[in-house]
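What follows is one structure encoded as structure tokens, with my remarks underneath.
The values are calculated or read from the model by the stated rules, or taken from the named source; none is laboratory data. Not measured: the values here are computed from a predicted model. Glycine also receives a Cβ, built like all others from the backbone with ideal geometry; neighbour counts cover every protein chain displayed.
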Amino acid sequence: MEFFWYVVLMGILAVYIVLDGYDFGAGIIHLFLAKTEKDKKAITSAIGPFWDANEVWIIAAGGVLFFAFPTLYASSFSGFYLPLIMILWLLIFRAIGLEMRGQVHHPMWETIWDKAFGIASLLLALFFGIALGNIVRGVNLGMVTNGVSTQEAHYFFLPLWNPTFSPQANELGIIDWFTLFLGIVSVVALTIHGANWIIFKTNSSLNPQLKNVVFKLNIVLLVLVCISLQIWHFIEPKPFHNFVENPILWFFPLMTFVGILGLFKVRSYKKDGHGFIFSTLFLVGGFASTAVSIFPNVLPSTNKVNPSLTIYNTAAGAYGLNVGMSWFFVALFLVIVYFIVQYRVFSGKMDDVGYGEH
Amino acid sequence: MEEMLFYDRMQFAFTITFHYLFPQLTMGLSLIIVYFKWKYLKTQNEQYNHATHFWMKIFALNFAMGVVTGIPMEFQFGTNWAKFSELTGGIIGQTLAMEGMFSFFLESSFLGIFLFGEKILGHKWHFVTGLLIMIGSWASGFLIIATHSWMQNPVGYEILENGKFVLNNFQALFLNPWLWPSYLHNQAASMVTSSFVVAGIGAFYILSHKNVSFGRLFLKTGVVFGLISSIIVAVPTGDLLAKNVVKYQPVTFAAMEGIFHTEKKGSEIVLIGQPDVKDKKLDNKIAVPNILSFLTYGNWEQEIKGLDQFEEEVHPTNISGLYYAYHIMVGLGTLFIGLMVLALFQLIRGKLYQTKWILWSLMFMMPFPYIANTTGWYTAELGRQPWLVYNLLRTSAGASPTVSSGNTLFTLLGFIGLYLLLGMLFLLLIGKIINKGPHNVELNTEKI
């Protein structure tokens, strides 16, 4: 039962990464590449009717986490207090950036909200990568000092950084070189993903340039992924043990690899949606591979006193998890119906039909 | 510890108070928008469709504010109330997760379609998407109140040795006797807010001689909806809810009504007076004898327990605040019924549009339903103190153990600053929409 809800949670998170990921990426492109009013409009209309619905997936993930793994929810949300609240602020800034821009026609007003939207998107991509890094690296559960827990075994608190920026220091911080590295991987990957979405959903004059950007960034991404495979050992001594035990799970790393290879050919695809498919493969494969590499842990402990948090020692009562399945499948069915309706109503290129920004 | 708890509570109170300014309008307004669209389908009178578009714009802005300020609410259970979340997540997580899965997906998927898709969909389907959004937002309110009701009156649970609450009866969450009166009370109160806003803007248009025909439509609609909902808020829902409080939380009831000492021969109802908690009395009291006993039990001489009947450690922590919150809510609620009765009377006589003092009153009344809704929620929340889960889990045992007060103050200040900015932008944009008026609303799928 715990495993079922774990798969549900990871599934929802993967969908969130794919969907809101392209919003973040589009925001980064908007920040650095969109020069003319027409380009900006193309980008915002490509995400206009979707970003709000995309954001619901993180709320759904939070809800499922709260209900199925309350101990993990309580431990991680209080332990990662500051970055989480900052993510909330950034989500608010991104939303008001998008919503406010078109309300007053004045160049300064537009510049302010363009920057708010772009910078918030960039920082969100960075923060989510850093968050993933923190979960892989683990935390000092129970806040052990000198071999003694100073808090209950599953609680902790991390400052934003420690003075050494090292993931192996005694006093950990949210930002260290390892988590920052994953943050940068996330920014690069989501920029590619967002560019692919814009290519897919618009006839913007930026598109040829974006294809070049995807190609170049993809080289960077390949290098970063190779480096990350090397440094992963510092953090997780046996990153492949689950893959060795269950070879079918190699599917996920393979998916990542296919995604990255496919992206190199972005300039020659006949259909504009193909690049987006490959960046989706990369993101889902990469996220799933990461989850598998630490499974069944969901938040590893960096000390020897307190055990890691796993899906088993953080789950809610069996009755609640069982009864949750009955409504979950109904809800899932409805969500799929809504999703199909939404994407059919807004199929095709968004800038042609002229659904403006708000 | 004390300081930490204070900032945790302030942050939750501040963010939820600000957040609920928006859903209380959108829940009720969605019904009024659906009504306008339905009238349009029936009469083919373009004015109703213009009215639909105008209120959709206001709805969309409020909805967006509700969404961006709502996400922090779900996060804060974990960030600031980790112990509470850990112990009760298996139960309240259930209803909160259902809210995400059933309401938010529905609302967010169809809002874009509702706002941008009228031309593609045709009017009938446009009406249906409006209805779906209304269902989504009302379902959201239902699941939140189900969560709230479990905290007020826990049902369907057992407590394990390690202190964790686990669910053992799913249906009980929805058959909770606290739930239905609270839900209907809350939804009716949301209708009051939106009716007063619709009527108030109608009055503004008539008084300023702008968009007068729309002003009349809004005024008429707002007054009819406003009177019905103001009455439902009081009877039967408010009455049932108060009886629930007497039954399940008698100490809360005593504090709300300002009854410090039990009176054997029936309790008076306090209209005005300032509680002096230290000396256990009310200053400058104006009260009517025996009415409270009658309203509560239908018996003029029934004894109602005063605060003196309860241990001090189970007294609500902020008796004066609770007393004022409750009295402001009830006082304003009475005023709303009075004003709407007069307005409807004039409407039926065909003189409402010329009765300037009622128009001015309706216009200036617009902020007050917000105050009444907020103080109503304060009554519920302060009334539950010192408990998070009534009689079972104290508020002081629910906060995050590892988050320092300095960190919470930092984020509280951040929220205050950010919400101040949000509030200013909101007022600016609402002002623009109202000033532009319904005549200039585009008829098609263009800009919202």
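Just a few scattered comments:
- Among the residues listed as B:Ala82, B:Ala51, B:Ala60, the single one being facing chain A (nearest Cβ under 8 Å), in contact (Cβ under 8 Å) with a residue 24 or more places away in the chain and crowded, with 24+ Cβ neighbours inside 10 Å: B:Ala82
- Set B:Ala172, B:Ala139: member being more than 8 Å from chain A (Cβ to nearest Cβ), closer than 14 Å to B:Thr26 by Cα and surrounded by fewer than 21 Cβ atoms within 10 Å (Cβ to Cβ): B:Ala139
- Taken as a whole, the stretch A:80-90 holds no residue that is at pLDDT below 90 and either surrounded by fewer than 23 Cβ atoms within 10 Å (Cβ to Cβ) or more than 7 Å from chain B (Cβ to nearest Cβ) (or both).
- Looking across the stretch A:100-118 at every residue that is within 21 Å of A:Gly194 (Cβ to Cβ) and either among the aromatic types (Phe, Trp, Tyr) or assigned to a loop (DSSP other than H, G, I, E, B) (or both), the one that is modelled with the lowest pLDDT is identified as A:Gly102.
- Among (1) surrounded by fewer than 20 Cβ atoms within 10 Å (Cβ to Cβ); (2) at negative phi, the one test that B:Asn373 misses: (1)
- Some residue of the stretch A:40-61 being assigned to a helix (DSSP H, G or I) and of a type in the set (Lys, Arg): yes
- All positions within the stretch B:336-368 that are under 21 Å from B:Ala189 (Cα atoms) and outside any helix (DSSP H, G or I): B:Met366
- Condition met for A:Gly275 (assigned to a helix (DSSP H, G or I), within 17 Å of the chain's Cα centre (by Cα) and surrounded by 17 or more Cβ atoms within 10 Å (Cβ to Cβ)): no
- Matching residues, the stretch B:369-401, being more than 23 Å from B:Ser320 (Cβ to Cβ) and either part of a helix (DSSP H, G or I) or in contact with a Leu (Cβ under 9 Å, 6 or more places away or on another chain) (or both): B:Pro369, B:Val389, B:Leu393, B:Ala397, B:Gly398, B:Ala399
- Search result, residues across the stretch B:112-123 that are within 7 Å of chain A (Cβ to nearest Cβ) and either in a helix (DSSP H, G or I) or aliphatic (A, V, I, L, M) (or both): B:Gly112, B:Ile113, B:Phe116, B:Ile120
- Of all the criteria given as (1) within 12 Å of chain B (Cβ to nearest Cβ); (2) aromatic (Phe, Trp, Tyr); (3) surrounded by fewer than 24 Cβ atoms within 10 Å (Cβ to Cβ), the one not satisfied by A:Phe4 is (1).
- Evaluating A:Gln103 against the criteria (1) surrounded by fewer than 21 Cβ atoms within 10 Å (Cβ to Cβ); (2) more than 12 Å from every other protein chain (Cβ to nearest Cβ) leaves one unmet condition, (2).
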